[in-house]
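The values are calculated or read from the model by the stated rules, or taken from the named source; none is laboratory data. Every value quoted in this text rests on a predicted model; they were computed, and no experiment measured them. Don't worry about glycine lacking a Cβ; one is built from the backbone with ideal geometry, like all the others, and counts go over all protein chains shown. The protein model used for the area step is the full one, side chains on, heavy atoms only, and it has no ligands, DNA or RNA in it. Shrake-Rupley method; radii C 1.70, N 1.55, O 1.52, S 1.80 Å.
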Amino acid sequence: MAFEKAKVIKAAEKFLSQGKISAAIKEYRQIIKHDPDDLTTLNMLGDLLARAGEKEEAASCFLRIAEHYREKEFRLKAIAMYRKIEKLKPRDPVIAKELGDLYSAQGLTADARAQYLVVADACIRAGQTRESLEVLHTIADLDPHNTDVRLKLAEGYLKERMEAEAARAFSEAARRLLESAQFEKSLEAYSKSLELRPHDRAALKGIVSAHAALGTADEAAELLEQALADAPDDQQLISMLAQAYIEAEDAPGAERATALLMSQDASHYRRNIEVARLYLKLDQEDETARILGAVIEPMLAGREENDLQELINELLARNPEHVPGLRLLARLHWWQRDMEKLRAALERLAESAEALGLIEDERYALTQLVRLAPEERRYLDRLTDLGGSLEELTESASLLDEAGAVVPSFDSFSLMETEAEPAHQPKSEAFDFEWNSVAGDVSSSTLSFADLNEPEQPVTGDPVADPSALISADPFAAGIESVDENGRTAAEPSGDETRPAGADAMMRQELESVDFYITQGYYDIGFDTLELLERQFGTHPDIDARRKKLEAAMPSPPAPSIESVSESAPANSVTQAGATVEVFGDIEISDSPADPLVVSDTVPQVVSNAAPPVSGSGIDSGLAEIFEEFRMEAEGETASTNEDYETHYNMATAYKEMDLLDEAIREFQLAAGLTSAADSTPRYFQCCNLLGHCFVEKGMPQAAVLWFKKGLEVPDRNPEELKALQYELGSAYEQMGDLTRAIAAFTEVYGVDVSYRDIGDRLSTLQGRAREKKGSNEVNRES
């Protein structure tokens, strides 16, 4: 026989009207059996089972509904159902855990804490100290700014020999203390964390930050030096060490650490910018220029000339006659192909060198000025006074002026530093740059950007013809062809027959530069170099081989730009798989421990009426203190914030939607108690209105009248709201049987809006009933 749901529902309702609860339960069970997704019937069945004292089955019904709402992310409705279960099974840790998670997801911190305390209490009573610590850690996470509690938790972990969890708790507390500028406490907490996990990079980083804030970064550097002794190749440690020296304003130490970092990965060249800034801050201008000279080539290759120019300008603003700084400025303007600014920089260089008696520097500047502006005889005259031009690199590079005098070639100009390279500057096979192109006594001007640290082997021969194409063609870093005032070069040779002696060596050197570009990812510079070499020297098997190598190495498609390849990682933080990753310099450091503490989704199998813990498994005084502090915080919290109001109001709304009127009334009353008629918001009025409706639905019109009248007393409500509430008040009076007051309330509505809802008919009907009642009363009195 087919199941007829409507017929069964009617039978169940009949049994209910007769007070036959057991029979109604039997009918509702049939409905759920055939339609398990009928949540309304399931809820009704649960209520009836609870009335019949069958609490376990009732809780099972409510649990199915709660899980459905939770899965659909209807959290407030899920909370409402779990609260019904909580009434049947008070202080059940499983239900408390579910409620805690839901409250936490809704941002209801106080309610979540209260539920988690139930779970922690159950664990403690069962002697499960570690599990209780995990729950208390979850409670602490609800209030991340409570560092004192987190420190106590860390001590509790230590007593339980949970060192990884203790270290994490110390680090979390230390980080919060650092953010709140409690640097000494933060340093102490980070130190305790580091004692437990000596290689924790996050703790080391925190110690550096705390020391820097306290002005004791030198102590952090000492600590990092000790750590580095155990792991000399650890780039993270080296990066932190360099930063610690920067914070300590120890420029030589910062330079040494940066050089060590670059010896492992030359792409960290930008860290030298911080070193240069520190030297400049310490008024060590020569050292600043030396460091800038070490990074000028890779910065120009990476299209970072703006950053470079800013530093050079700052250096020259302090000392406008600083010769090494002026050489850097000339180098920069040449790379920018700004001949007007280049000439101005060379003139300043010549004047400063003359004033300081630096003859060689003045001769270099004048040599290039003669080439840039041959019409200016004063440059040549002064150059002659100094003993003549620089020695020509090649026979073909020399020119004669109209009088037959030898004019020096532009390509003989070389950047030289008066001071030798520092002894602590490391030389490594991993270096592809000639990092000290400015520092040291460079004897050859033919060293290119990609020269492999071989300044003692100068290359002679014709340089590259087009100075605008290659960084390695820069006269301030390598040899180039003569350049006139417009930036034009002499005619280009073509073919092997016109290649002068030494050209093969020059091409070989530039091909090595291409190899460097390939390894560093500078693909477009590599292609440009090969094109220019082919234009100057003609086709060549080695050029073809390099081009194929470039095409094979280049990502496809599109090829990355130089900017994207050379760009350093920004100093910020990102999130990866739930862990925070902070960028420290160019090194990423995750603050996620190797064994992060995660509270399991499953609650320990304990019950609310568990027996006392067995001997030897009791909670120690430290943990008891933590637990009590949490409990006192939860009990002592005042419900005076907007969050508390929203909590109760939203919960009440969810209860009302599910026809859980008692629960809805309780929550609306709590919400109303958190506001008042004079708080200039509609909150109190809304509570009064909804409380009145709940009492009407519950069949308690007297209580409804009380709240409707409270709502009408709220000031500054708009006429529509007041009209609606007056109408509801009349309906409540009518339900009470108080026709006189009902007519009075409806008359007020009718007086302001005769077309409002069914007010005319309602008022007419009530007046008729009142007349009939009055007539009936008079007849009774006469009789």
Requested in this report: Compare the peptides 123-133, 740-750 by average per-residue count of other Cβ atoms within 10 angstrom and give them in order, highest first.
Outcome: 123-133, 740-750
Query - Across Lys14/Lys77; Lys698/Lys774; Lys55/Lys656; Lys656/Lys773; Lys14/Lys698, pairs whose alpha-carbon gap is larger than 26 Å - result: Lys14/Lys77; Lys698/Lys774; Lys656/Lys773
Report task. Subtract the Cα-Cα distance of Glu195 and Thr681 from 0.36 nm times their separation in residues, and report this length gain in nm to one decimal. Result -> 169.5 nm
Report summary line: By the C-alpha gyration tensor axes a ≥ b ≥ c (rounded if a/c is under 1.5, else prolate when a/b exceeds b/c, else oblate), the shape of region 710-783 is prolate
Query - Point-to-point label distance, Asp753-Glu697, nm (Cα→Cβ direction, 7 Å offset) - result: 2.3
Query raised in the report: Does region 181-235 come out rounded, prolate or oblate, given a ≥ b ≥ c as the square roots of the eigenvalues of its C-alpha gyration tensor, rounded meaning a/c under 1.5 and, failing that, prolate meaning a/b above b/c?
Result: oblate
Query raised in the report: In nanometres, what is the gap between the two model label sites at Lys14 and Asp230, each 7 Å from Cα along Cα-to-Cβ?
Result: 8.3
Query raised in the report: lysines near Lys723 by alpha-carbon distance under 22 Å, same-chain residues fewer than 8 away left out - which ones?
Result: Lys709, Lys710
Query raised in the report: What does a probe at Lys72 reach in region 31-51, counting residues whose amide N is under 20 Å from the point 7 Å along Cα→Cβ?
Result: 31-47
Query raised in the report: At a Förster radius of 22 Å, what calculated FRET efficiency corresponds to the Cβ-Cβ distance of Gln669 and Glu713, to the nearest 0.05?
Result: 0.85
Query raised in the report: How many nm separate the modelled label positions at Lys773 and Asp662, each set 7 Å beyond the Cα in the direction of the Cβ?
Result: 3.2
Query raised in the report: Where nothing but the Cβ of Lys and Arg (+1) and of Asp and Glu (-1) is charged, how large is the charge dipole of region 132-187 around its Cα centre, in debye to the nearest 20?
Result: 100
Query - Those lysines that a straight Cα-Cα span of less than 22 Å connects to Lys205, excepting residues fewer than 8 apart in one chain - result: Lys185, Lys192
**Report entry** Heavy-atom surface of region 189-296, accessible at 1.4 Å and reported per residue (Å²)
**Finding:** 36
**Report entry** Karplus 3J(HN,Hα) series, Hz, for region 265-272 with 6.51 cos²θ - 1.76 cosθ + 1.60 (x for Gly, Pro)
**Finding:** 8, 5, 5, 8, 4, 5, 4, 5
Requested in this report: First measure r as the distance between the Cβ atoms of Arg378 and Glu222, then evaluate 1/(1 + (r/R0)^6) with R0 = 56 Å and state the FRET efficiency to the nearest 0.05.
Outcome: 0.45
Report summary line: For 263-270, 725-732, 236-243, 47-54, ranked highest to lowest by mean beta-carbon neighbours within 10 Å, the order is 236-243, 725-732, 263-270, 47-54
Report task. Loop only per DSSP, at most 12 neighbouring Cβ atoms within 10 Å: give me the GluC sites (Glu not before Pro) in region 70-125, ordered by residue number. Result -> Glu73
Query raised in the report: Based on the mean of other beta carbon atoms within 10 Å per residue, what is the order of 316-326, 762-772, most packed first?
Result: 316-326, 762-772
Query - Modelled FRET efficiency - R0 41 Å, Arg51 with Thr740, Cβ distances, 0.05 increments - result: 0.60
Query raised in the report: Percent relative contact order of region 161-224, based on C-alpha pairs within less than 8 angstrom and at least six residues apart?
Result: 29
Report summary line: Of the accessible area of region 110-225, computed with a 1.4 Å probe and all protein chains kept, carbon and sulfur make up a percent value of 44
Requested in this report: Return the whole-Å distance between the Cα centroid of region 20-46 and the Cα centroid of region 727-783.
Outcome: 41
Report task. Using a 1.4 angstrom probe on heavy atoms only, work out the carbon and sulfur share of the accessible area of region 17-91 in %. Result -> 47
Query raised in the report: Taking only C-alpha pairs under 8 Å that are 6+ residues apart, what is the relative contact order of region 201-352 in percent?
Result: 13
Query raised in the report: In region 281-351, if every C-alpha pair distance is counted and binned at 10 Å from zero, what percent goes to each bin?
Result: 21, 57, 22, 1
Report summary line: Inverse of <1/r> over all distinct C-alpha pairs of region 33-110, i.e. the Kirkwood Rh in Å, gives 12.7
**Report entry** Stretch gain in nm, segment His34-Ser180, where the contour uses 0.36 nm per residue and the Cα spacing is subtracted
**Finding:** 46.6 nm
Query raised in the report: Using θ = phi - 60° and the Karplus curve 6.51 cos²θ - 1.76 cosθ + 1.60, what whole-Hz ³J(HN,Hα) does each residue of region 283-296 get, with Gly and Pro shown as x?
Result: 6, 9, 5, 5, 5, 4, 5, 5, 5, 5, x, 6, 10, 5
